[in-house]
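The values are calculated or read from the model by the stated rules, or taken from the named source; none is laboratory data. Here the structure is a predicted model, which means the values were calculated and not measured. Here the Cβ is made from the backbone with ideal geometry for all residues, glycine too, and neighbour counts use every protein chain on show. These accessible areas exclude ligands, DNA and RNA; they are computed on the full protein's heavy atoms, side chains included. Shrake-Rupley method; radii C 1.70, N 1.55, O 1.52, S 1.80 Å.
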Amino acid sequence: KQWYQRRVRGTRDGGFVLKELRRMGMVHLYQAPYWRRVWYRKPGFVGELLGVHHMKYYLFDDNVIISGANMSDIYFDQRQDRYFLIKSKQLADYICYFHHLHESCTRTWDLDNFQKSIWSTEALRVAATTSSYFSCNTPIENHPELRYMGPSDGDTFIFPLFQLPHFSVHQIDDALALLLSTANSNQRFTLSSGYFNPSKRLTSALKNTKSHVDLIIPSVEANGFYKGAHLKGYVPDLYNLLAIRTAKRCPNVSIHEYSRDEWSFHGKGLWSNDCTILGSSNFNRRSTLRDTEFALGIVTENENLKDALGAERDYLMSFTKILQSRFRPISVLGFPVMRNFL
């Protein structure tokens, strides 16, 4: 068995958290490429600001679970997220292929000295090939055995979307831009993000789209950083300020705040009449510039699946209210710098 998991925040380092798993299989530690040029011992919160491995996928034989949630206790207790279970050997094999390629860009956890996991020149060379493996027509064309992702008479198409900013792979951004730019005035999209800080490209797409977009974000109280210590406590204010500015710039976007007593909101994705996107991306600047991301795009003609996706969307909307200006004025002072790391 092999495991990938984003390191946890706080004083408990991911290596210690996964100590028991190490006895059952391999644990691999991923580092963003630029860390090989920077000396560090334990990056902690600073390291997270600069970039993290943010993908979430879970493989069990031929079963694939795609989610935006980490394997941490706070994600399973009063925290709204999305989880999809897909039973498909072809899809599982495809993701396993990527897993092994990504694995070659990591270091195996050393029980005595796991913190010194750095990128070697060879690992960087291998990682750089991901931009060719996962652009447009590959790895399907390079690997014919993965070409057929399902039965030819199926009514649902599932395609992987990768975001590897360090190697100029932006498939999630490309998919969003394509959907929004080609939509007509009769179409309606719902977009959700736990930490919404749109890139210039996404802001432009939202501003110029002919469709209407409902955007679901957490209220200040439902933000994962609510009541955080020190500067973290101002992070929800900054996201609220970003939402206010987006609403002013994008007339076709209606912003809704998820508000539910004692619950936080971490759901992310896109819904339309016959498609959805789900995965790790928050559709923000971090996803575009810093973090590795993985998502699935699903297009379907199956009426039952369409109804289920619509019900999921309506359920989330039932806990929302119209966006309100809630940010504290002092948070504006840190906005020009911090928005690049949110």
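Checked against the criterion of being touching a Gly at 6+ places or on another chain (Cβ under 9 Å) and among the charged types (D, E, K, R), the candidates 200, 227 yield just one match: 227.
Residues considered: 189, 196. Of these, the only one that is in contact with a strand residue (DSSP E or B) (Cβ under 7 Å, 6 or more places away or on another chain) and part of a loop (DSSP other than H, G, I, E, B) is 196. Within region 165-187, being open to solvent by less than 10 Å² (accessible area, probe 1.4 Å), over 16 Å from residue 282 (Cβ atoms) and either under 18 Å from the mean Cα position of the chain (by Cα) or among the aromatic types (Phe, Trp, Tyr) (or both) holds for one residue alone: 169.
Counted as qualifying within region 242-326 are the strands (runs of 3 or more DSSP E) with 1 or more residues that are over 21 Å from residue 204 (Cα atoms) and either open to solvent by less than 30 Å² (accessible area, probe 1.4 Å) or at pLDDT below 95 (or both), namely 253-258, 275-279, 293-300, 320-322. Per the conditions (1) touching a residue at least 60 places away in the same chain (Cβ under 8 Å); (2) farther than 17 Å from residue 179 by Cα, the sole criterion not satisfied by residue 230 is (1). Any residue at all in region 222-241 that's open to solvent by 20 Å² or more (accessible area, probe 1.4 Å), modelled with pLDDT of 90 or more and over 17 Å from residue 315 (Cα atoms)? No, that holds for no residue.
Is it the case, given these coordinates, that residue 233 is of a type in the set (Gly, Ala, Ser) and part of a loop (DSSP other than H, G, I, E, B)? In short, no. Among the residues of region 65-81, those identified as part of a loop (DSSP other than H, G, I, E, B) and more than 18 Å from residue 193 (Cβ to Cβ) are 71, 72, 77, 78. Filter region 65-87 down to residues that are farther than 20 Å from residue 271 by Cβ and open to solvent by less than 20 Å² (accessible area, probe 1.4 Å), then give me how many there are. Adding up the residues that qualify gives 2. For region 266-311, taking the residues that are out of contact with any Asp or Glu (no Cβ under 7 Å at 6 or more places or on another chain) and of a type in the set (S, T, N, Q), the one that is farthest from residue 188 (Cα to Cα) is identified as 292.
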